[in-house]
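Structure, as structure tokens:
Bear in mind these aren't lab numbers, they're just calculated from the coordinates by the rules spelled out. Because the structure is a prediction, the values reported are computed rather than measured. Neighbour counts are summed over all protein chains in view; Cβ atoms, including those assigned to glycine, are modelled from backbone coordinates with ideal geometry.
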Amino acid sequence: MTLREYLLLYKPDPLAGVVLYGQLLESLLYLSKCRVAHRDLKSNNILVSFDNEQEPPHLVLCDFGSCLSVGSFTVRCTSENVDLGGNVALRAPEIACAKLDGNSVLNYEKADLWASGTIAYEIFTTINPFYALPPVGLSSETYREEELPELGTEIPWHVRMLVRRVLARDPCERPSVACVANLLVLTLFRAESIWNCLQKLQLLRHASSLRLMLSQAQCTVADLVNLFAVETILSRHVNRLKLSGAECQLRQTFFSRLEVSSLVEEATFLLNLMPLRQSVVVGHSMT
């Protein structure tokens with residue numbers, strides 16, 4: 001069945017939502033590494049399968065009829081009839097607002113990521129704010145970021161922040177696909193909140209030297225990753241930690257491509273999104 005059909009039938013909880021969105025991001029990360037842009041991302045072009053209705057399904061991306069696969073994310077407009085991709089409603093702002101005058105160059109590098117942010121709303125709320133017409137819905141050509149609907153507080157704080165940054169109008173202000181994919185997977189850590197890791201990194205900003213700060217930051221993130229790996233391994237033997245097949249596969253994919261040095265930079269990106277004053281841990285684990 002399609003993701004859209006699944007969401008209407010089962011309305012997944014926040015944990016299942018993170019597993020679903022994480023799998024979608026892994027698909028986009030693989031395409032990005034291959035220099036391929038899907039250009040027709042929507043919940044009807046995503047398939048899911050499951051044996052147990054109580055567990056998050058496995059997710060795969062399909063329908064590559066509109067994809068850009070020329071070894072580059074850029075397209076030079078030679079005429080007004082250039083193919084912009086299949087889904088008008090979910091075209092990223094830089095594509096939807098492009099002037100097709102024969103001299104412009106379209107860049108799809110972060111266009112699929114933007115579309116995935118709108119699908120994240122579908123996953124967590126069943127409603128895509130860019131499908132309804134204005135004034136009820138939003139248009140990718142004209143929306144302002146402050147008009148984006150608020151995701152519920154049952155969704156971890158940093159997941160909500162990541163989705164909002166993914167939907168930044170300026171592609172230069174969006175994080176990379178790898179950044180979002182990595183930070184989202186760490187949401188699944190049951191033993192320790194990623195928020196605690198961010199608080200430790202916040203304290204390291206007062207280190208006596210930049211070299212010491214970077215060294216301690218790498219140790220902090222490495223400790224988090226090691227504990228996350230132990231939890232993943234133990235989940236096969238401890239009933240309380242039992243993970244769904246889809247989540248296990250998502251974690252394994254994460255570990256297969258992980259670079260701790262880049263994860264430090266990504267955690268710092270999330271740290272910069274933290275409110276200036278935060279007295280309670282809102283990035284709670286989803287047990």
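Gain on full extension, evaluated as 0.36 nm per residue between residue 44 and residue 258 minus their Cα-Cα distance, stands at 74.0 nm. When the Cα gyration tensor is reduced to axis lengths a ≥ b ≥ c, the ratio a/c is 1.5 or higher for region 69-134, and with a/b above b/c it is classed as prolate. Mean separation of Cα pairs under 8 Å and 6+ residues apart, divided by the residue count of region 3-177: what relative contact order is that in percent? Relative contact order of region 3-177: 23 percent.
All other residues whose Cβ lies under 15 angstrom from that of residue 33 are scored, Lys and Arg at +1 and Asp and Glu at -1, for a net of -1. Qualifying trypsin sites (Lys or Arg not before Pro) in region 14-123, where qualification requires a DSSP coil assignment and no more than 10 other C-beta atoms within 10 Å, comprise 99.
Candidate cross-link partners of residue 242 among the lysines, defined by an alpha-carbon separation under 27 Å and a same-chain spacing of 8 or more, comprise 11. Think of region 3-177 as a dipole: +1 on every Lys or Arg Cβ, -1 on every Asp or Glu Cβ, centred on the Cα centre; then among 47, 129, 75, 75 lies furthest on the positive end.
For region 54-125, GluC sites (Glu not before Pro) meeting the loop criterion (DSSP other than H, G, I, E, B) and having at most 11 other Cβ atoms within 10 Å: 80.
Each residue of region 146-157 was assigned a 3J(HN,Hα) from its phi angle through the Karplus curve 6.51 cos²θ - 1.76 cosθ + 1.60 (θ = phi - 60°); the sequence is 5, 7, 4, x, 7, 6, x, 5, 6, 7, x, 3 Hz, with glycine and proline shown as x. Please give me the summed charge of the neighbours of residue 66: other residues whose Cβ is under 15 Å from its Cβ, Lys and Arg +1, Asp and Glu -1. With Lys, Arg at +1 and Asp, Glu at -1, the net is -1.
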